[in-house]
Amino acid sequence: MEWEPLRQQLEQIFKAPVRLSRWSWEQWLLQVDSDNNDKGTPSKSIIQNGQLLFFVHKELQDALLLSVAAEGITVAERQLVELMLETRKIQDKKNTSSTSEEERKASMVREWFRQQQEMGLVQAEMPDTLVSQLSLYSTKIPLLLYGDYSQSQRVSYQELKKLLESFFDTEMILVPLMDKEWLILGSEKMLSIDTTDDRDNGDEESLEDTLAAIGFGLHAMLENEWVGECHLAIHYPMMPAKSLYASVLQLRETMMLGRTYHVGSNMHLPWMLQLEKLIHLIPEGDKASFLERVLKRLDVALDPETMTTLEHFFRIDCNVSETAKKLYIHRNTLLYRLDKFKQETGLDVRTFNDAVLVKIALLLYKVTKRK
């Protein structure tokens, strides 16, 4: 069960920090034993070192706890929280009884992910027990899905999994990672789905083109058939047993970069964000200094029309004729806009060096302007 919303709710009630922590089951029983001499029966809450610790539930060999400063909390408030947690556990048991074995296995992977994050790791190999239970020995295509639905909406694991398998016509692995965040693992068979027609002209699609087609197709289906707006990132095929954790971190970085530098685009591809990844590492002061040097008349030069023109110009590899067609304007109109931009900034985007500078400046400008 997801306990983070409850933790946030308790923080609002107590108006004090509430932390979610883990103890070993043996440690909890020993503390309960010394606290109230009630051997073998876990207490609902205890006080230790000025902290009030509420027992949430047992996960494998761990005790999940919520802790808050004991000072100022009345006996009645303590009993109410204990009753709330007990009610949640009863409801959780009812839900668990209807939960599939597959979903329980996926939840184990989610808990393992959280443990690695808490330790601050960037590389981690999955335990053999988890790999074997979910059959993660073969190559998989990883996708990260984030749903922009409201907190009140409940997304069913089984319904989403059924939707994914119906779309790809193959077995899929689904892991709920965080609130609204889902990891999707598909087989390599996805790479050969519906590609015959695209190759009739003799041109072979690149791996990136195929992955992009998979991602855009899935994203369109999810927005139409699922719960509306969502973000999706896809990555290269990988071996889950060795690199699933690192792949998830890369997917999260891809989604973050896409949402930061390409507002309005909900499909995020890592090979299309190489420049964004590089400039994201630049200190904020250096970003501002770069903009001041490159675009001295920033607000005048980058009006909405100019921004749209330059973005299309760069997207079509600085091709004047094709950009004019895309913008539904005459070629001379486009040339006039580019000349006007050159007069205002001293930068001619039809030359390679200036085009690179303006491309970087556009990315930085959109971020700094939003801030």
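Couple of notes before you dig in:
- Residue-normalised accessible area of the chain, expressed per residue, 1.4 Å probe, Å²: 55
- Listed residues 165, 253, 59, most fluctuating in the chain (Gaussian network, C-alpha, under 10 Å): 59
- J(HN,Hα) series, the range 116-124, from Karplus relation 6.51 cos²θ - 1.76 cosθ + 1.60, nearest Hz, glycine and proline x: 5, 5, 4, 7, x, 7, 10, 9, 6
- Summing +1 for each Lys or Arg and -1 for each Asp or Glu among the other residues whose beta-carbon sits under 13 angstrom from that of residue 166 gives -3.
- Taking a straight line from the alpha carbon of residue 242, these aspartates and glutamates sit under 15 Å away, with near neighbours fewer than eight places off in the same chain left out: 125, 128.
- Split the chain at each of the chymotrypsin sites (Phe, Trp or Tyr not before Pro) in a DSSP loop with at most 13 other beta carbon atoms within 10 Å, and the longest piece is 138-327.
- Theoretical ellipticity at 222 nm over the chain - DSSP helices of four or more residues, -39500 (n - 2.57) apiece, nearest 500: -17000 deg cm²/dmol
- Compared with the dominant principal axis of the Cα atoms in the chain, helix 240-261 is inclined by about 60°.
- With DNA, RNA and ligands ignored, accessible area of residue 339 (1.4 Å probe; Å², nearest 10): 60
- In the range 106-160, the trypsin sites (Lys or Arg not before Pro) that fall in loop regions by DSSP, at most 10 other Cβ within 10 Å: 154
- Tilt relative to the chain, helix 207-225 - C-alpha long axis, 0 to 90 degrees, to 10: 60
- Length gained on full extension, residue 83 to residue 167: 25.9 nm, using 0.36 nm per residue less the C-alpha separation.
- Given charges at beta-carbon only (K, R positive; D, E negative), |dipole| of the chain in Debye: 1100
- Correct choice for percent of Cα pairs over 35 Å apart that was computed from the model, options (i) 27; (ii) 44; (iii) 35: (ii)
- The heavy atoms of residue 206 offer some 40 square angstrom of accessible surface to a 1.4 angstrom probe.
- Amide H within-cut-off set for residue 187, under 5 Å, with H built and near neighbours excluded: 141
- Against the main long axis of the alpha-carbon atoms of the chain, helix 352-370 sits at an angle near 40°.
- Net charge dipole size for the range 216-337 [Lys, Arg +1 and Asp, Glu -1 on Cβ; Debye, nearest 20]: 340
- Top of 247, 107, 24 by mean-square fluctuation, Gaussian network on the chain, Cα under 10 Å: 24
- Residues with amide H under 5 Å from that of residue 45, placed H, sequence gap 5 or more: 55
- Exceeding the 27 Å Cα-Cα cut-off - candidates 325/366; 342/366; 287/326; 296/359; 58/180; 189/277: 287/326; 189/277
- Ranking 278, 238, 308 by Cα position along the charge dipole of the range 223-371, where only Lys, Arg, Asp and Glu carry charges on their C-beta atoms, puts 278 farthest toward the positive end.
The values are calculated or read from the model by the stated rules, or taken from the named source; none is laboratory data. The model shown is predicted, which means the values in this text are computed figures rather than measured ones. Cβ atoms come from the backbone with ideal geometry, glycine included; neighbour counts cover every protein chain shown. We work out accessible area using only protein heavy atoms, side chains counted, and drop any ligands, DNA or RNA first. Shrake-Rupley method; radii C 1.70, N 1.55, O 1.52, S 1.80 Å.
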